[in-house]
Amino acid sequence: MADSNFPGWHGTTIIGVRKGDEVVIAGDGQVSLGQTVIKGSARKVRRLNPGGHAVVAGFAGSTADAFTLLERLEKKLEATPGQLQRASVELAKDWRTDKYLQKLEAMLIVTDGRELFVITGAGDVLEPEHGIAAIGSGGMYALAAARALIDGTHDAETVARRAMAIAADICVYTNGNLTVERISK
């Protein structure tokens, strides 16, 4: 049980946007403890390259937990090269059933340029509607903004950057210091 006096870690907005042949994952850099910004330049979006198959992942939640999950995802991808969906499902199964992994508090957005998924500790591997996925404290703000922008003339990166700017204006746990990774089919 968590200490009710501990203010808790907050802060992350991650968005994945698919438009045309391109997928972009963007994440802000803020990490907060209670009302205090601990770091403004955290890098929550990573490029993985297991077995020569590029994958981009963004995470929200505990950093150590997210790194543990990213390492597990890399192992799953090495075992199933080029099969992001299968590796994601295998990770979600392990996460839900393994007593150690069950305690991890994080969420992931992953893409190989063809597929885009949200992976959760509840065993979910979700392919978002409209080609947009968002997680974290400002995730719903970024999602709403991206949904409003996606049908315009902007490319995926512009949609992601504008959606993140809107989320940063609304969510006190999100800043405008972005890490952006692009990947194509």
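With the requirement that a residue be part of a strand (DSSP E or B) and surrounded by 15 or more Cβ atoms within 10 Å (Cβ to Cβ), what does segment 40-54 give you?
Step one: of segment 40-54, the residues part of a strand (DSSP E or B) are 45-48.
Hits for segment 40-54 are VAL45, ARG46, LEU48.
The helices (runs of 4 or more DSSP H) found wholly in segment 55-159 and carrying at least 2 residues that are in contact (Cβ under 8 Å) with a residue 60 or more places away in the chain and under 23 Å from ILE170 (Cα atoms) occupy 139-149.
Considering only residues of segment 150-165 that are of a type in the set (A, V, I, L, M, F, W, C) and surrounded by fewer than 20 Cβ atoms within 10 Å (Cβ to Cβ), which is farthest from the chain's Cα centre (by Cα)?
ILE150
When you scan segment 136-145, do you find a residue that is over 15 Å from the mean Cα position of the chain (by Cα) and either within 24 Å of VAL31 (Cα to Cα) or at pLDDT below 95 (or both), even just one? Yes, segment 136-145 contains a residue that is over 15 Å from the mean Cα position of the chain (by Cα) and either within 24 Å of VAL31 (Cα to Cα) or at pLDDT below 95 (or both). Taking the criterion of being assigned to a helix (DSSP H, G or I) and in contact with a strand residue (DSSP E or B) (Cβ under 9 Å, 6 or more places away or on another chain), the residues of segment 160-176 that qualify are ALA160, ARG161, ALA163, MET164, ALA167, ALA168.
Does ILE15 meet the test of being assigned to a strand (DSSP E or B) and either on the phi > 0 side of the Ramachandran plot or surrounded by fewer than 21 Cβ atoms within 10 Å (Cβ to Cβ) (or both)? Outline the logic, then answer.
Numbers: assigned to a strand (DSSP E or B): yes; either on the phi > 0 side of the Ramachandran plot or surrounded by fewer than 21 Cβ atoms within 10 Å (Cβ to Cβ) (or both): no.
No: the conditions fail for ILE15.
THR97 fulfils the conditions (1) surrounded by 17 or more Cβ atoms within 10 Å (Cβ to Cβ); (2) β-branched (Val, Ile, Thr); (3) out of contact with any helix residue (DSSP H, G or I) (no Cβ under 9 Å at 6 or more places or on another chain) except for a single criterion, (1).
The values are calculated or read from the model by the stated rules, or taken from the named source; none is laboratory data. Being a predicted model, the structure only gives us computed values, none of them experimental. All Cβ positions, even for glycine, are placed from backbone atoms using ideal geometry, and neighbour counts span all protein chains on display.
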